[in-house]
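In what follows, a single structure is set out as structure tokens and then discussed.
Laboratory data are not the source of any read-out in this text; all were calculated from the coordinates shown. Worth saying up front: this structure is predicted, and the values here are computed from it rather than measured. Neighbour counts run over all protein chains shown; Cβ positions are idealised from the backbone, glycine included.
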Amino acid sequence: MKTLCVLGLGYIGLPTASLFATHGHRVTGVDVNRKVVDIINAGQIHIEEPGLFTLAQAAVGSGNLRASTTPETADVYIICVPTPLTDENYCDLSYVEDATHSIIPLLKKGDLIILESTSPPGTCRDFIAPRLKEAGWKVGTDIHLAHCPERVLPGQILRELIQNARIIGGITPESARMTKELYDGIVEGPVYLTDCTTAELAKIMENTYRDVNIALSNELGAICEAIDISAWDVIELANKHPRVNLHLPGPGVGGHCISVDPWFLVSAFPGETTLINMARTINDTQPEMVSERVIDILREAKIDDPCVALFGVSYKGNVDDTRESPAFGIIEKLSKRVDLRIFDPHVKNGTGFELSNLEEAISNADLLLLVTDHSDFKYLAPEELGKKMRNRILFDTRNFLDLARYREAGFEVHVKGVGD
Ligand SMILES: NC(=O)c1ccc[n+]([C@@H]2O[C@H](COP(=O)([O-])OP(=O)(O)OC[C@H]3O[C@@H](n4cnc5c(N)ncnc54)[C@H](O)[C@@H]3O)[C@@H](O)[C@H]2O)c1
């Protein structure tokens, strides 16, 4: 069993630290946010993720996980800090840099540093390794370094952390081997070894592939709206082909990964990323398209002083994560033109907008705008919602609700990617 120091106790770091701790390793979880550290040491958690409360509680309760605001000496350092975008759409590596500098004084010969944060190709080789060399270490012999990107799906992080296939890219084959040995203790999926730059680019291409694919479906959605057919029907049929896997249209792409990572390539390789750049632009314009369609629907219905109940702020269903959510673009545009009430049962605060409860949001609303596919919304009875609304109009941007039931309850139903 090893001593581990996990830097960053967010959506990735806390489950990772907890999992290693419950597998017998002694883990110091480090976060620069004192509030996060206090919450975890009190046996609580600061984020919403199914199963995490129980796992983190077990980890802290066992004495194997302790949170701290400063790193402590360990055999292995796992970096799980944010890698957001700068204003110019470059990857902001300042958190990775801070984390690296915070552990340099603690390093001893034979230690292993693992970067889990999603990072542009070359981060281990050209960004972290030079800083370790500057501190006097021979990287790959004295200090080992590897990239082990996270591929988990929020809402299913614990299951996927264990069951997903992992890629491990070492600065040397020995660094990769050491990392595999550690992860083999917690991971059930296959583990593939490569060099660190290949691993970094593989992770980013996974998200870029999905972003480009979603952009394609959003474009298909626009075509279908223009010719009054359903993109959802087209996709279902096209995907019967054994080598076709079209993704789904929607209100835009959000989250900390798919809407962010492709920019790492666009900013670093502007001459080589025409398609990737275009896909990003298409997906980023979806919130505006949703807003314009809402205005068109309300105009067609001749509604004065319209009131819209927007359901869902988080970027995907059943999570509280609002990072890069397309809901923000929709809210920004619509709040200038309609009386907008915003409801999200998973999101408590921190959105910068006033949130309503269900009753406040739906009372006297003219249009229900479904932005996020939270399961909770499926359980709402359209008849009951309709009774509270001034007009019964639904615009489902995800083709998620039971539309037949809404129609039966007298709703005029609009769906993104489907012509009216
Ligand atoms: N959330 C996901 O589903 C997901 C999936 C795959 C990959 N990733 C990647 O994993 C990385 C972490 O993402 P996340 O969602 O866990 O972020 P997060 O914002 O939830 O958590 C990061 C934590 O790191 C802390 N932190 C910042 N600088 C620090 C430092 N120098 N030392 C210690 N702690 C520090 C922050 O206070 C924060 O609590 C990112 O690169 C992200 O792209 C995330």
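Structure notes:
- Student exercise, region 3-203 dipole from Lys, Arg, Asp, Glu Cβ charges, in Debye to nearest 20: 460 debye
- Rounded to the nearest 20, the Cβ-based charge dipole of the chain about its Cα centre (Lys and Arg +1, Asp and Glu -1) stands at 900 debye.
- Checking every one of the trypsin sites (Lys or Arg not before Pro) in region 149-247 against DSSP loop status and a limit of 12 other Cβ atoms within 10 Å picks out Lys240, Arg243.
- In degrees, nearest ten, helix 196-226 long axis to first principal axis of the chain (Cα): 0 degrees
- With Cα atoms, 0 to 90° folded angle of helix 274-284 axis to the chain main axis: 50 degrees
- The distance linking region 112-174 with region 397-416 is 45 Å (Cα centroid to Cα centroid, whole angstrom).
- Using Cβ point charges alone (K and R +1, D and E -1), the dipole size of region 286-415 about the Cα centre works out to roughly 120 debye.
- In units of the rule-of-thumb radius 2.2 N^0.38 Å, region 286-415 shows an alpha carbon radius of gyration of 0.94.
- With q set to 0.11, 0.12 Å⁻¹, the log10 of I(q)/I(0) for the chain, from the Debye formula over equal scatterers at the Cα positions, is -0.88, -1.00.
- Among Ala365, Leu220, Ala21 - extreme Cα towards positive end, dipole of the chain, charges at beta-carbon: Ala21
- Look at Phe269, Phe400 and count the other Cβ atoms within 10 Å of each Cβ; fewest to most, that gives Phe269, Phe400.
- Violating pairs (Cα-Cα greater than 25 angstrom) within the set Lys336/Lys416; Lys302/Lys388; Lys108/Lys133: none
- With the simple spin-label model, which puts each label point 7 Å out from Cα in the Cβ direction, the Phe269 to Ser230 separation comes to 3.9 nm.
- Helix-only arithmetic for the chain: the sum of -39500 (n - 2.57) across DSSP H runs with n ≥ 4, divided by the residue total, places the mean residue ellipticity at 222 nm at -11500 deg cm²/dmol.
- Among Ala327, Ala238, Ala129, the largest mean-square fluctuation in a Gaussian network model of the chain (Cα springs under 10 Å) belongs to Ala238.
- Reachable aspartates and glutamates, given that their alpha-carbon falls under 16 Å from the alpha-carbon of Lys2 and they are not under 8 places away in the same chain: Glu72, Asp75, Asp111, Glu181, Asp184
- If you take the alpha carbon atoms of region 298-346 and fit the smallest convex hull around them, that volume is 76 Å³ per residue.
- Rounded tilt (10° steps) of 52-61 against the dominant C-alpha axis of the chain: 30 degrees
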